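One structure is given here, and the rest of the page talks about it.
The values are calculated or read from the model by the stated rules, or taken from the named source; none is laboratory data. This one's a predicted model, so the numbers in the text were calculated from it and none came from an experiment. Here Cβ is always computed from backbone atoms with ideal geometry, including for glycine, and neighbour counts include all displayed protein chains.
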Amino acid sequence: MKKYLNQTTISVAAVIVSIAAIVVSILLHNGPEPSFNISVVPIEISVQQGGRIPVNVNIVSLNGYSHSIYLSTLIKDAGITASFSIQSMIAEPSFTSIMTILVKRDIQPKKYTLEINGIGADGEKRNCSLILNVMPAPQFDPINLTDFFYPSGWMGDYEDIKLNDVFTGTFHTGNSCTKITYTAKGLPLNKNWAGIYWLYPDKNWGNFPESRDLTGARRITFWVKGQQGGEKAEFKTGGINGKYKDSMGGPYSTGVLKLTSDWKKFSIELDGYDLSHVIGGFCWVAAKALNPKGCTIYIDDILIE
């Protein structure tokens, strides 16, 4: 009888173990499927017309999801664009992509909803929403850049430069302009290029906290010509990277321009940049490779609009 009970006990225990194994197998088989979550921080932000703003988009793997996830946005207004610092990546176990939103100047001020989408390589889809509150841009009255910035940032072969910022021999408007002569002799550093930054304050390469607040400005415009035509020069704004650097980043350039002997207007767009702390207002650069015999150019009406 005792032997029979022992055998029965063993049989029952075996059945229990088998049932437990089946239950575990079912639970494992029917457990949560691998997936991912996408979120944005914060969920509502404000930006001015013509501005740009970064937002963190966070992607987290769930239950061992191991596929690459591609990010995109659904924006119903053409006045808003967005780009990602990381467009696609496997979340192991997570990653953050910086979504930079650019808002055009002429967009209507109101609240917009942006949908941020993530799609896995296996077709899994997740999304989240961001509320973008577009505020009116402040009005900006045009100013003459040379009234607020100083041509004191001489660079490269600075002894090759001759500057006359009240030259009366020619001008676009008024009674004078800025004349720059570049000799291309390579003095004193033999760098074979030279340039001038218009800085604020005087001779500030980012060493001083003072700056100009140009918030609301849309562009820098200027008129320029060469003495003979064919002179080549580049013009920039921003790009001072000292301790107190330009808030706009940069520099932002026209690229190398081939000048004529007639006055011609050029511009550098400022929309979307943080202009609250500007040090390097304007810059001219010339190189010996493009002007082997040097050059003389004239600049007038440098306006911040």
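Inspect all residues belonging to the range 221-234 and state whether any of them is buried (at least 20 other Cβ atoms within 10 Å of the Cβ), assigned by TED's automatic domain parsing to the domain that holds GLY156 and within 30 Å of ASP106 (Cα to Cα). Yes; the residues of the range 221-234 include at least one that is buried (at least 20 other Cβ atoms within 10 Å of the Cβ), assigned by TED's automatic domain parsing to the domain that holds GLY156 and within 30 Å of ASP106 (Cα to Cα).
GLU124 fulfils the conditions (1) touching a residue at least 24 places away in the same chain (Cβ under 8 Å); (2) under 26 Å from the mean Cα position of the chain (by Cα) except for a single criterion, (2).
Going by the conditions given, is ASN204 within 21 Å of GLY280 (Cα to Cα) and either buried (at least 19 other Cβ atoms within 10 Å of the Cβ) or outside the structural domain of LEU275 (by TED's automatic domain parsing) (or both)? Lay out the reasoning, then the answer.
Details: within 21 Å of GLY280 (Cα to Cα): yes; either buried (at least 19 other Cβ atoms within 10 Å of the Cβ) or outside the structural domain of LEU275 (by TED's automatic domain parsing) (or both): yes.
When the stated conditions are applied, ASN204 passes them.
Applying the selection to the range 235-258, what residues are buried (at least 19 other Cβ atoms within 10 Å of the Cβ) and touching a Lys or Arg at 6+ places or on another chain (Cβ under 6 Å)? Across the range 235-258, the qualifying residue is only PRO251. Kindly provide the set of residues from the range 265-290 that are farther than 25 Å from TYR150 by Cβ and modelled with pLDDT of 95 or more, ordered by number. Across the range 265-290, the qualifying residues are LYS288, ALA289, LEU290. If only residues of the range 266-300 that are of a type in the set (D, E, K, R) and in a strand (DSSP E or B) are counted, the one that is nearest to SER247 (Cα to Cα) is GLU269.
What about GLY239, is it among the small types (Gly, Ala, Ser), part of a loop (DSSP other than H, G, I, E, B), modelled with pLDDT of 95 or more and closer than 17 Å to THR181 by Cα?
Working: among the small types (Gly, Ala, Ser): yes; part of a loop (DSSP other than H, G, I, E, B): yes; modelled with pLDDT of 95 or more: yes; closer than 17 Å to THR181 by Cα: no.
Criteria not met by GLY239.
Among the residues making up the range 200-216, a single one is of a type in the set (A, V, I, L, M, F, W, C) and either in contact with a Phe, Trp or Tyr (Cβ under 6 Å, 6 or more places away or on another chain) or over 13 Å from LYS245 (Cα atoms) (or both): LEU214. Of the residues making up the range 146-163, just one is buried (at least 21 other Cβ atoms within 10 Å of the Cβ) and aromatic (Phe, Trp, Tyr), namely PHE149. Residue check: is THR183 surrounded by 19 or more Cβ atoms within 10 Å (Cβ to Cβ), touching a residue at least 24 places away in the same chain (Cβ under 8 Å) and over 28 Å from the mean Cα position of the chain (by Cα)? For THR183, the condition - surrounded by 19 or more Cβ atoms within 10 Å (Cβ to Cβ), touching a residue at least 24 places away in the same chain (Cβ under 8 Å) and over 28 Å from the mean Cα position of the chain (by Cα) - is not met. Considering the range 76-87, and only residues there that are under 20 Å from the mean Cα position of the chain (by Cα) and surrounded by fewer than 15 Cβ atoms within 10 Å (Cβ to Cβ), the residue that is nearest to MET135 (Cα to Cα) turns out to be ALA78.
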